[in-house]
Structures are given as C-alpha cells and as structure tokens.
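Quick notes on the structure that follows.
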Amino acid sequence: MLKFPAPFPASVFVCTHKRPDGSPKPCCADRGGAELRDELKQMSKDQGLETRVKIFTSGCLGACEQGVTAVSFPGNQLMLGIKREDLQKILDEVAG
C-alpha cells in the first residue's frame, strides 16, 4: 500500500445510493442526492474552490430516513436532510 497526503484540504461525500424499487426504506437517490452533488460540485468550480474542496459520490451513509446525507472532512461532519439552500453553507464550512 502506498500512502500520500491528499492533494486537497477538504472533501464532501454526498450519498447517491439507490435502493431497489419497492424497498420499504427511502434512499438518497430518490430524494435528489445526485442532483445536489452535481450542483455542489458546480458551485465549487464556479467559486474557484475545486482545488481546495473535492466533491465525491458516496454510497449509503446509513441515514437515508433523514433525507439526502453527506459527510465532510476535515471536521468529520455528518449532514442529514440536505437541501439546495444548504449547499453554500456546506461549501463555506469546508472551504474555511
């Protein structure tokens, strides 16, 4: 295994997990997880933050009942029930 320091100081992983049709549990995919991830990624680029904040797709983070879920580093923040109006605050917090 090789280890290197990450080439960016902050990251956000947004859940885009899709449960099978008919599943009794909700999922982030059906609640717009991919769209929110894409919008957050575009906002990061538009604000010149793409070298400081990387936005990634995540699998299930275990809190789909609360809405779209994400986790950010550094800070180790689990964010539940993310909505479009939260995206700028997320960027501001992780970008420092």
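Computed values, structure above
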{"item": "Conditions (1) closer than 28 Å to Arg19 by Cβ; (2) free of Cβ contacts under 8 Å to residues at least 60 places away in the same chain; (3) not polar (S, T, N, Q): number failed by Glu50", "result": "(1)"}
{"item": "Answer residue from the range 66-77, given it is touching a Leu at 6+ places or on another chain (Cβ under 7 Å) and surrounded by fewer than 20 Cβ atoms within 10 Å (Cβ to Cβ) and is nearest to Glu35 (Cα to Cα) among those", "result": "Gly67"}
{"item": "Meets criteria (part of a loop (DSSP other than H, G, I, E, B), at negative phi, crowded, with 19+ Cβ neighbours inside 10 Å and out of contact with any Pro (no Cβ under 7 Å at 6 or more places or on another chain)) for Val94", "result": "no"}
{"item": "Any hit, the range 9-31, residues being assigned to a loop (DSSP other than H, G, I, E, B), β-branched (Val, Ile, Thr), closer than 20 Å to Ile82 by Cβ and out of contact with any Asp or Glu (no Cβ under 7 Å at 6 or more places or on another chain)", "result": "yes"}
{"item": "Hey, Lys41 among the basic types (Lys, Arg) and either surrounded by 12 or more Cβ atoms within 10 Å (Cβ to Cβ) or in contact with a strand residue (DSSP E or B) (Cβ under 9 Å, 6 or more places away or on another chain) (or both) or not", "result": "yes"}
{"item": "Condition check for Phe4: of a type in the set (Phe, Trp, Tyr) and either within 14 Å of the chain's Cα centre (by Cα) or surrounded by 15 or more Cβ atoms within 10 Å (Cβ to Cβ) (or both)", "result": "no"}
{"item": "Selected residue (criterion: nearest to Gln88 (Cα to Cα)) from residues of the range 47-66 that are among the small types (Gly, Ala, Ser) and touching a strand residue (DSSP E or B) at 6+ places or on another chain (Cβ under 8 Å)", "result": "Ser58"}
{"item": "Of all residues making up the range 20-45, the number that are more than 13 Å from Gly67 (Cα to Cα) and in contact (Cβ under 8 Å) with a residue 12 or more places away in the chain", "result": "6"}
{"item": "Filtered residues of the range 44-65 (kept if surrounded by fewer than 19 Cβ atoms within 10 Å (Cβ to Cβ) and over 22 Å from Ala6 (Cβ atoms))", "result": "Asp46, Cys60, Gly62, Ala63, Glu65"}
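Each reported figure results from applying straightforward, stated rules to the coordinates on display, with no laboratory input. Bear in mind that the values here come from a model prediction, so they are computed numbers and not experimental data. Here the Cβ is made from the backbone with ideal geometry for all residues, glycine too, and neighbour counts use every protein chain on show.
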